[in-house]
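Undergrad: The structure follows.
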Amino acid sequence: MKNFAASALALSLIAISGCAEAESKGRDMKRADVEKIIQEYLMENPEILREALIELDKKEDRAALAAVSDALFKDPRDVSIGPKDAKVTIVEFFDYNCGFCKNSSDWLKGVMDKYPDDVRVVFKELPILDGRTKTSRNAAKAALAAARQGKYTTMHFSMMNERSLTKDRVLAIAEKAGLSMEKLKKDMEDPEMDRQLEDGLLLANRIPSLTGTPFFVINDDFIAGADTKRLDKMLEDALKNS
């Protein structure tokens, strides 16, 4: 579908110029002639097709983000930090066992500290590595349970700073954070926790470029990965244009 669309774009552009040239010569250009011109042009300028495909991917992703806007920005179950009317909203999908997520967590914390009035951060638990680690889902549930005691960010960034997140280690982090352990364990067993995590996975599946973590949405744009230089640039542009 994407190849067809990109080819159609090239076809339209070249056919227009080709037909104009043909008209100037007083004859009709046959389809075979146009196709030959397209083939030769794309062989000489392959970057045209590549750029068209990139733009098509971006268009599809932005359309997907618009279609799930409420689930991204307005799910009352999500933990968010910052004013609801902030100039910029950052949504992060992450897994506590993701090394790239750990690498970008300092960047996110720095943004929260630097722009407390201008930036809102929405945390989306996405334990996609649980099949391998067997601990990602438990960590996500512990973070959500900590939110019920007003300790989400403490728990979140503490776990992001840990390399091993066994069940015992997660409980030790929670205890150090001053959480009621009895309430934490009870809340982690709440079926609503699993329902929220499943909804997050379903939401992620509706965004074509979201194939791993971390994945950041900044207002109506997005970045896959932990490229903090690109994140800085996108955030600066979003703040400037808001």
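Undergrad: Can you name the residue in segment 220-231 that is in contact (Cβ under 8 Å) with a residue 60 or more places away in the chain and assigned to a helix (DSSP H, G or I) and is also most open to solvent (accessible area, probe 1.4 Å) among such residues?
TA: Thr228
Undergrad: Would you say Lys84 is modelled with pLDDT of 50 or more, assigned to a helix (DSSP H, G or I) and of a type in the set (D, E, K, R)? Steps first, answer last, please.
TA: Working: modelled with pLDDT of 50 or more: yes; assigned to a helix (DSSP H, G or I): no; of a type in the set (D, E, K, R): yes.
For Lys84, the condition - modelled with pLDDT of 50 or more, assigned to a helix (DSSP H, G or I) and of a type in the set (D, E, K, R) - is not met.
Undergrad: Determine, yes or no, whether Pro116 is in a loop (DSSP other than H, G, I, E, B), open to solvent by 30 Å² or more (accessible area, probe 1.4 Å) and either in contact with a strand residue (DSSP E or B) (Cβ under 9 Å, 6 or more places away or on another chain) or closer than 26 Å to Val68 by Cα (or both).
TA: The answer is yes for Pro116.
Undergrad: Condition (residue is outside any loop (DSSP other than H, G, I, E, B), open to solvent by 60 Å² or more (accessible area, probe 1.4 Å) and modelled with pLDDT of 95 or more) applied to segment 54-69: is it met by at least one residue?
TA: Scanning segment 54-69 turns up no residue that is outside any loop (DSSP other than H, G, I, E, B), open to solvent by 60 Å² or more (accessible area, probe 1.4 Å) and modelled with pLDDT of 95 or more.
Undergrad: Would you pick out the residues in segment 124-138 that are open to solvent by 50 Å² or more (accessible area, probe 1.4 Å) and touching a residue at least 60 places away in the same chain (Cβ under 8 Å)?
TA: Here is the first cut: in segment 124-138, the ones open to solvent by 50 Å² or more (accessible area, probe 1.4 Å) are 128, 131-132, 134, 137.
The answer is Ile128, Arg137.
Undergrad: Please indicate, with yes or no, whether at least one residue in segment 162-173 is charged (D, E, K, R) and under 22 Å from the mean Cα position of the chain (by Cα).
TA: No.
Undergrad: If the Cβ limit is 9 Å and pairs must be 6+ apart or interchain, which residue in segment 182-197 that is under 12 Å from Ala143 (Cα atoms) pairs with which residue that is surrounded by fewer than 13 Cβ atoms within 10 Å (Cβ to Cβ) and among the acidic types (Asp, Glu)?
TA: Taking only residues 6 or more apart or on different chains, the pairs are Leu184/Glu175.
Undergrad: Could I ask something else about it? Looking for something over 16 Å from the mean Cα position of the chain (by Cα) and either open to solvent by less than 10 Å² (accessible area, probe 1.4 Å) or hydroxyl-bearing (Ser, Thr, Tyr) (or both) - is there at least one such residue anywhere in segment 91-100?
TA: No, because not a single residue in segment 91-100 is over 16 Å from the mean Cα position of the chain (by Cα) and either open to solvent by less than 10 Å² (accessible area, probe 1.4 Å) or hydroxyl-bearing (Ser, Thr, Tyr) (or both).
The values are calculated or read from the model by the stated rules, or taken from the named source; none is laboratory data. Source: prediction; values computed, not measured. Glycine also receives a Cβ, built like all others from the backbone with ideal geometry; neighbour counts cover every protein chain displayed. Note: areas computed on protein heavy atoms with side chains; ligands, DNA, RNA excluded. Shrake-Rupley method; radii C 1.70, N 1.55, O 1.52, S 1.80 Å.
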